[in-house]
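Written out below as structure tokens is the structure these notes cover.
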Amino acid sequence: EHEVEKMFTLKPGRLPQADVKNVIFFVRPRLELMDIITDNVLREDRGRAPQRDFHILFVPRRSLLCEQWLKEQGVLGSFIHREQYSLDLIPFDGDLLSMESESAFKECYLESDQTSLYHAAKGLMTLQALYGTIPQIFGKGECARHVANMMIRMKREFPGSQNSIFPVFDTLLLLDRNVDLLTPLATQLTYEGLIDEIYGIQNTYVKLPPEKFAPKKQGDGGKDLPTEPKKLQLNSAEELYAEIRDKNFNAVGSVLSKKAKIISAAFEERHHAKTVGEIKQFVSQLPHMQAARSSLANHTSIAELIKDITTSEDFFDNLTVEQEFMSGIDTDKVNNYIEDCIAQKHPLIKILRLVCLQSVCNSGLKQKVLDYYKKEILQTYGYEHILTLNNLEKAGLLKSQTSGRNNYPTIRKTLRLWMDDVNEQNPNDISYVYSGYAPLSVRLAQLLARPGWRSIEEVLKMLPGPHFEERQQLPTGLQKKRQHGENRVTLVFFLGGVTYAEIAALRFLSQMEDGGTEYVIATTKLINGTSWIKSLMEKLEPAPF
């Protein structure tokens, strides 16, 4: 609409040829990106006519540091406009917003840099400007306290921001990721969670191995199989995906086979269409039926790919160990399976996830056990990982048991985090998303709605960070009178990242008949155990000799 000629991804070297007057860089304020931009600008051919003008837009805020860096490289003067585009919360789905700030957790917990919390508070202020002041704020954790304080301050500093919009949200719940370090470490067992665990979902897109999606032609012997990965978009706009995304993977197969029968029956209808009217009606339904058929084919292929992995021995062994830890079995001694995995040099992230999981489920490891794991990891994977281990310790994921007391069993029992008899097909509790473990973060949200946090004061004190409640005054006439049977709406904001399994659990609570609460989810980043641990790893280049 605005006559943008072409869009390119940022990469070093010369800028692509294009017959344009203006070039706009649209970037996050990170120094390594400034180097690429400097390279682009310096390689620009100054002799060519007409000369191109450069502009730079920082998302979500301008950064003095980046501008200083560009100045030192001698290219700051080349930018005519230096602006910011405040994109804080990005809608990913009807009930999901994310800031997609991948380093938020690391910044908050390792670098004591609270910029992302400021952006979260800004995003929440924008949300309130659009959807009304949220009357009640609850929170748990240091970062949650900071965000709430900033929101209250921003409101005080802009007294004109009293808006007269009828509030959409009744409650805001701010939750620190480090209140529940356990959930992201466990393997998610919902359909969407497993897609993310195995293939990684980037901004609602997933790239899959292409051979499963090749159209099967007769007689060509599969000589020209596609080599480009198959890229699919995953969100609730697709009917079938909306239905199966939050189910436990073991319940997905039966839905797919039911759908297949319905669709083939619908296509059979065409043989019964006799009159012109009937044929016309069939033809009008055709596009929808064809879309449903291709959607089914895609998800059947994805489910087959996932099933190959979930039925493997290694997946089963890994899951068994996770579930033993979460239910409190043998969390205090060196685990044989972890030892074997290190000896066989399984991927390092897998090892780190398991060791951190064991540490969290035991409120820290005995010094002897911790030292043994660290020694084994460093000797097998290389000493450069000592920095990563140090980061995991700083973040509280890996630690030695200081108080000599393990609080996890108390937390597990009080909050009913482990359920033995899980119904995966027709779940009656959120623990179905991890086949037995109920995500602590979501349990806190569930108990806040009913019967309230007063019932779990003791456990809240065992979890890190303060818990608090704030009320925001609404102008007269905007207080809600709740109609009978009308649901409350709660916005749950995860500071430091949220997993798809937690989102599935909150959606499950929204759909419960007698729940009385609908949830909208916001976060700094959509994460899984792998991407989360990766964000805490120090990338050290091996020595060149």
> Quick one: of the DSSP bridges fully inside the chain, what percent are antiparallel, nearest 5?
Replying inline: 30 percent
> Can you work out D for segment 82-164 in µm² s⁻¹ from Stokes-Einstein, where Rh is the Kirkwood radius over C-alpha pairs, the temperature is 25 °C and the viscosity is 0.890 mPa s?
Replying inline: 175 µm²/s
> Ignoring ligands, DNA and RNA, what percent of the 1.4 Å accessible area of the chain is carbon and sulfur?
Replying inline: 53 percent
> Amide H of Glu518: which non-local residues (sequence gap of 5 or more, or other chain) have their own amide H closer than 5 Å, using H built in the peptide plane?
Replying inline: Arg488, Val489, Thr490
> What fraction, in whole percent, of alpha-carbon pairs in the chain exceed 43 Å separation?
Replying inline: 28 percent
> Given Ser63, Trp453, Met537, which one lies farthest toward the positive end of the charge dipole of the chain, if we put +1 on the Cβ of every Lys and Arg and -1 on the Cβ of every Asp and Glu?
Replying inline: Ser63
>> Run the reach check for Lys333 against lysines, Cα to Cα strictly under 19 Å, same-chain hits fewer than 8 apart removed. What comes back?
In response: Lys350, Lys366, Lys368, Lys374, Lys375, Lys399
>> To the nearest 20 Debye, how big is the dipole of the chain about its Cα centre, given +1 on the beta carbon of each Lys and Arg and -1 on that of each Asp and Glu?
In response: 800 debye
>> Give me the base-10 log of I(q)/I(0) for segment 183-306 at each q in 0.20, 0.22 Å⁻¹, Debye formula, one uniform scatterer per Cα, rounded to two decimals.
In response: -1.17, -1.29
>> Cross-link candidates for Lys155: which aspartates and glutamates have Cα within less than 18 Å, leaving aside residues fewer than 8 places away along the same chain?
In response: Asp88, Asp170, Glu469, Glu470
>> Under a Cβ-only charge scheme (Lys and Arg +1, Asp and Glu -1), can you give me the dipole magnitude of segment 343-461 about the Cα centre, in debye to the nearest 20?
In response: 320 debye
>> Accessible area per residue for the chain in Å², computed with a 1.4 Å probe and the full protein assembly in place, what is it?
In response: 52 Å²
> Magnitude of the Cβ-charge dipole of segment 22-84, K/R +1 and D/E -1, about the Cα centre, nearest 20 debye?
Replying inline: 140 debye
>> If you average the C-alpha positions of segment 434-501 and of segment 331-362 separately, how far apart do those two centres end up, in angstrom?
In response: 33 Å
> Given just the C-alpha atoms of segment 285-415, how large is their convex hull per residue in cubic angstrom?
Replying inline: 165 Å³
> Using Cα-only point scatterers and the Debye equation, what is log10 of I(q)/I(0) for segment 22-84 at each q in 0.12, 0.17, 0.23, 0.24 Å⁻¹, rounded to two decimals?
Replying inline: -0.26, -0.52, -0.94, -1.02
> In segment 86-192, what % of DSSP beta bridges are antiparallel (nearest 5)?
Replying inline: 40 percent
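The values are calculated or read from the model by the stated rules, or taken from the named source; none is laboratory data. Model, not experiment: these values are computed from the prediction. Ideal geometry is used to build each Cβ from the backbone, glycine not excepted, and the neighbour counts take in all protein chains shown. Ligands, DNA and RNA are excluded from the accessible area calculation, which covers all protein heavy atoms including side chains. Shrake-Rupley method; radii C 1.70, N 1.55, O 1.52, S 1.80 Å.
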